[in-house]
């Protein structure tokens, strides 16, 4: 009888064949491979009694269905689609069309935009954020002036300065860790930095943003393979920025994650891949986390620049209020006092933005009833304050303070 490991390998081979056929738009061949892979997966579900593995098989089956449905649509067989759930996976259906594949494939192939997204059977495009990059710059980042100076000194170098740096034996600081409480603007800061680099070099530097929770796979080795494929993806660019959000999702301390057997190989893979960034001055890796105290110590030590994105001060909040609603308030509203109140209540940048939206909504609602209303008054501000509050949790504040006091 064929072993479970052999069946798993056969399933992986069939899935890769299907992905290759999908990428080349050979939908008939892809459909046939997907159906064979489905049969193997059903056999695996019958034989493997491990509850966790059985959950993985169900997830894989549903993923297979997505690609199989696509094949049926392309072949004009949309009516033959089959629903997949925990019960149907246990029952073999003779002659029926089965379920579609997880990710696109075909290593080295190019999409219409000329960028290679496929590495080792993994479609990296699945991990990249879809929204267009905002054209924000450091001018849009209120505050953090010292941090901006440090970054300019370290990263904004002419070719001559970079050469001199190499001659002196100075290492590139190409791994930046942005950390801070939720909603403080870490992603915003990363986008601004990337745009500043593009302006400085007079050429567009690609900015790729990835949510780390999307890199985590349900099958053994899948997370590590996803990480490797992502870093391989960046090597095709002369210069680029890779930004990973929620970094603690894959960079959790190996000593703390005793109940997660994937933590050690995942962090080891990250450490190996990051060595490529540190040796290449044209690649910049940025990671963001709300929980730096959960990161593995080896990853923390690799971060050449560790920048806290703090809660906004009253001065920062006042500047934000003036920029967003300053032209719409009447004399009853004291923006300086309002900013101090928000700062004392520990409003994050996101909380402040939500509050501003609430104030503007109050103005809009009143204008709908009475078009003669032109300005925001204190009554509207108080109404908005009653509908908003800080999202910051005190235990998170305490843990972040303790982390900073450790001197990391």
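The numbers here are math on the coordinates, done by the rules we state, and not lab data. It should be emphasised that the depicted structure is a prediction, and the values quoted were computed from it without experimental measurement.
Across 295, 157, 270, mean-square fluctuation computed from a Gaussian network of the chain (C-alpha pairs under 10 Å connected) peaks at 157. Principal-axis analysis of the Cα atoms of the chain puts helix 186-201 at an angle of about 90° to the longest axis. Across the stretch 259-339, Cα pairs under 8 Å and at least six residues apart give a relative contact order of 24 percent. Looking at the chain as a GNM with Cα springs under 10 Å, which of 168, 317, 211 has the largest mean-square fluctuation? Comparing 168, 317, 211 in the GNM, the peak value goes to 168. Contact order, relative form, for the chain: 14 percent (alpha carbon pairs under 8 Å, 6 or more residues apart, mean separation divided by residue count). Distances between every pair of Cα atoms in the chain, grouped in 20 Å steps from 0 to the bin holding the largest one, split as 22, 44, 30, 4, 0 percent.
Taking each DSSP H run with n ≥ 4 as -39500 (n - 2.57) and averaging over every residue of the chain yields -16000 deg cm²/dmol at 222 nm. Taking springs between alpha-carbon atoms closer than 10 angstrom, which of 47, 254, 152 fluctuates most in the Gaussian network model of the chain? Per the Cα network of the chain with a 10 Å cutoff, 47 tops the list. Radius of gyration over Kirkwood radius for the stretch 314-391, both on Cα atoms: the Rg/Rh ratio is 0.95. Against the chain, whose longest principal axis is taken from its Cα atoms, helix 378-387 shows a tilt of about 30°.
Relative to the longest principal axis of the Cα atoms of the chain, the long axis of helix 145-155 makes an angle of roughly 50 degrees.
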